[in-house]
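A.B. asks: Before we start, here is the structure in question, set down as structure tokens.
FYI, it's all coordinate maths here, none of it is from the lab. Bear in mind that the values here come from a model prediction, so they are computed numbers and not experimental data. Cβ placement follows ideal geometry from the backbone for every residue including glycine, while neighbour counts extend to all protein chains displayed.
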Amino acid sequence: MTKKYDYLKGIPELPEKPNIKKKRPKLMAVVDEDNCTGCSACVPFCPVDCIEPVPKEKYNMPIPPVQVRFDECIGCQVCARVCTKLTWDAIRMLPIDVFEERYMMKIS
Ligand code: SF4
Ligand code: SF4
């Protein structure tokens, strides 16, 4: 028998309720805002609910791209997998040290 939904392999079920970060992540999700369509497919999959639309004022467009609240991200990579497999390819996972250096932020 042919397996159904193979193209979703690697994408977990939608979380029932948001969790919270417990330790410093090893990776950080960064949305390429110029490449993100704003489809929001990744948003409900984030286990800590830390993906949100970029404020409309920044781009002045009807459907803005999304952004990650970096202090809350646990680096689980689910959003990147969802984006790549279901929609586009607009999320990069950066090692936390690289992220901190590039964005001049400290993540605890
Ligand atoms: S799934 Fe990808 S393209 Fe869609 S909102 Fe998320 S990051 Fe943007
Ligand atoms: S890696 Fe993506 S899905 Fe996972 S916590 Fe960070 S923003 Fe949410």
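A.B. asks: Within the stretch 10-108, considering only strands (runs of 3 or more DSSP E) that don't extend past its boundaries, which have at least 3 residues that are of a type in the set (Gly, Ala, Ser) and surrounded by 12 or more Cβ atoms within 10 Å (Cβ to Cβ)?
C.D. replies: In the stretch 10-108, there are no strands (runs of 3 or more DSSP E) which contain 3 or more residues that are of a type in the set (Gly, Ala, Ser) and surrounded by 12 or more Cβ atoms within 10 Å (Cβ to Cβ).
A.B. asks: To continue, here is another question. Would you be able to tell me the number of residues in the stretch 9-29 that are in contact with a helix residue (DSSP H, G or I) (Cβ under 7 Å, 6 or more places away or on another chain) and either under 20 Å from residue 89 (Cα atoms) or hydrophobic (A, V, I, L, M, F, W, C) (or both)?
C.D. replies: Qualifying residue count for the region: 7.
A.B. asks: If I ask for residues that are over 17 Å from residue 11 (Cβ atoms) and hydrophobic (A, V, I, L, M, F, W, C), which ones from the stretch 28-63 would you list?
C.D. replies: Hits for the stretch 28-63 are 28, 30, 31, 36, 50, 54, 61, 63.
Quick grid of which residues meet (1) touching a Leu at 6+ places or on another chain (Cβ under 7 Å); (2) away from ligand 2 (no atom under 11 Å from the Cβ); (3) not β-branched (Val, Ile, Thr):
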residue	(1), (2), (3)
10	no, yes, yes
15	no, no, yes
29	no, no, yes
33	no, yes, yes
44	yes, no, yes
49	no, no, yes
53	no, yes, yes
68	no, no, no
73	no, no, yes
